1. Among Tyr425, Tyr471, which is in contact (Cβ under 8 Å) with a residue 60 or more places away in the chain and touching a strand residue (DSSP E or B) at 6+ places or on another chain (Cβ under 9 Å)?
2. Output the residue which, of all residues in region 172-190 that are under 28 Å from Arg484 (Cβ atoms) and in a loop (DSSP other than H, G, I, E, B), is modelled with the lowest pLDDT.
3. Residues that are part of a loop (DSSP other than H, G, I, E, B) and at pLDDT 95 or above: does region 191-198 have at least one?
4. Inspect region 245-253 for any residue being surrounded by fewer than 17 Cβ atoms within 10 Å (Cβ to Cβ) and closer than 21 Å to Leu371 by Cα and give the result as yes or no.
5. Glu375 - would you say it is under 29 Å from Leu279 (Cα atoms), modelled with pLDDT under 95, out of contact with any helix residue (DSSP H, G or I) (no Cβ under 9 Å at 6 or more places or on another chain) and of a type in the set (Asp, Glu)?
6. Would you be able to say whether some residue in region 435-448 is assigned to a strand (DSSP E or B), under 30 Å from Ala314 (Cβ atoms), open to solvent by 70 Å² or more (accessible area, probe 1.4 Å) and not aromatic (Phe, Trp, Tyr)?
Amino acid sequence: MLLKKNKALAISMGIFLGLTGTSFAQSTSDADKVSSENKVSVTDNENINANVNSFSDVPKGHWAYEALDYLAQHGVIEGYKDGTFQGNRTMTRYEMASIVANAMKSDKGDIGDKAVLNQLKEEFSEDLKQMQSQIDKNTSDISKLKEDAERFKISGFGRVSWDNDNIKGYNDQNDNNRFYLDLKGKFKVNDDWNFNFESETNQRYARYVTSAGDVKYHEGHGDEDGVIQRIWAEGNIDKLHVDVGRRWRGLGFQNVLLGNETDGIVLDYPLDNNGLKALAFYQKPTDAGYDFAMYGLGVQGPVSDNLQINLAYAQLDIDKNESPGYNVYAPVDPTTGKYPALANTFGSHGLVLSAMWNPMKNITLIGDYVLTNAEKERVVEKASDGTKHIFDIDENTSKSIRLNYRWTNLNDPGSFQLYTRWFDYGRHGNIMGDEEWGLLKPGSKGWVFGFKYVPAKNIEWETMYEIADMYSVFDGEKDQQYKRDFIRTQVDFHF
């Protein structure tokens, strides 16, 4: 009778601890990760007479000493190779199952043992039901909390960069520092739709030289720093993907034709099951003073295992000789009371043919070819000596070829990329292409060499060097080319 009482106490404790343990522990807890090779079974023949004294962390006066001693002797519990029981560790479902199974098998499951178990089941049935009910509620609450937490996500990166830009008229732009924050938020509306925002803070220090040659120093913060500049929605209507609102958008893999913030809508529809899709878009660039829209069609995605394409045709809602807006940075014309009209430098339509090819492992070639229908521009200006200077600009194509060796992976410290890029950007060879913060300017031709490296998880260091021939931007010199040496190093902290 004493044996049955002892066993009842032991099994009761095992079942109770097992069930309550599963209320708070999942199978992915640290307890689950303890390898079975670190455990030693007391049911081995040589240890069949083991007792609780084998556990160095269970003193004789412990409240559970008697129950643990019984369970150890009868093979219901196991110890560890270091001689501990580790009773304070949260119990897992695996351990609970082991306790119950071993309890059922001990003493060969005689009639007395079964009677004890049945008695325990009846005795604690209501408690067990309440426990299970609480477990189900906790599981439901945890699932709801997880779902609510995933409805809103913040991501982005912070950047610290330094530029050294040597070009005629820009010598004072050396040592231009930038501290930049790109903050993105995504709200999950339902399984098909998300609502997004983006906030940029772009702080520049040291000396900054404008295209007019003016040298600027610290001027506080821009009015738009830290506010939400972009808001857009993304979602699916059956197979049709919709992207509508204000955000940064590009055309082509290297964004040579267009790489700018726009208001508008982009639709894409799958053409196959491999990712190839058709595009339709309507967009209006948001740069100050510009007042035109573009619309068009495109195709992008993989066409084979190692080749992807990105093709687009854009038509503007203005004629190729019509001004796209007003120069809000120039003085107001006193005779008209308006800002001077901007010259049309891109015509009325543009085409980009872009491809990404992986001819072999770790090697990627990316090429963009852009064509606009910009008219030849007749430039009349006064040279520095006071003489009239007349010449034509007829450059309506842009080309860029980039060679990558490997790719970086933010989750893989030590990963790296080496790259080089040849480019030839016509002064009228894009609509509003991405200049990459002044690295690639219209009217320049040359090479960029660079590398990327991940020194730690979510941190990427990039350094690049550009050597190019570039046209001057100053009046009286706009048909003259100069050598440009440009170096940039930056560190991005992603989150």
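1. Result of the check over Tyr425, Tyr471: Tyr425.
2. Out of the qualifying residues, it is Asn174.
3. Yes - at least one qualifying residue is present in region 191-198.
4. Scanning region 245-253, I find no residue that is surrounded by fewer than 17 Cβ atoms within 10 Å (Cβ to Cβ) and closer than 21 Å to Leu371 by Cα, so the answer is no.
5. Taking the combined requirement at face value, the residue satisfies it.
6. Yes: region 435-448 contains one or more residues that are assigned to a strand (DSSP E or B), under 30 Å from Ala314 (Cβ atoms), open to solvent by 70 Å² or more (accessible area, probe 1.4 Å) and not aromatic (Phe, Trp, Tyr).
Each row is one residue, and each column tells you yes or no for (1) under 19 Å from Val370 (Cα atoms); (2) open to solvent by 30 Å² or more (accessible area, probe 1.4 Å).
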site	(1), (2)
Thr262	no, no
Lys277	no, yes
Phe281	yes, no
Asp291	no, yes
Leu297	yes, yes
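Here is a yes/no grid of residues against (1) farther than 29 Å from His389 by Cβ; (2) part of a loop (DSSP other than H, G, I, E, B); (3) of a type in the set (Val, Ile, Thr):
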{"residue": "Thr420", "(1), (2), (3)": "yes, no, yes"}
{"residue": "His428", "(1), (2), (3)": "no, yes, no"}
{"residue": "Lys452", "(1), (2), (3)": "yes, no, no"}
{"residue": "Pro455", "(1), (2), (3)": "yes, no, no"}
{"residue": "Trp461", "(1), (2), (3)": "yes, no, no"}
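The values are calculated or read from the model by the stated rules, or taken from the named source; none is laboratory data. If you're wondering where the values come from, they're calculated on a predicted model, not measured in any experiment. Heads up, the Cβs are rebuilt from the backbone with ideal geometry, glycines too, and the neighbour counts pull from every protein chain shown. What goes into the accessible areas is simple: the full protein's heavy atoms, side chains included, and nothing from ligands, DNA or RNA. Shrake-Rupley method; radii C 1.70, N 1.55, O 1.52, S 1.80 Å.
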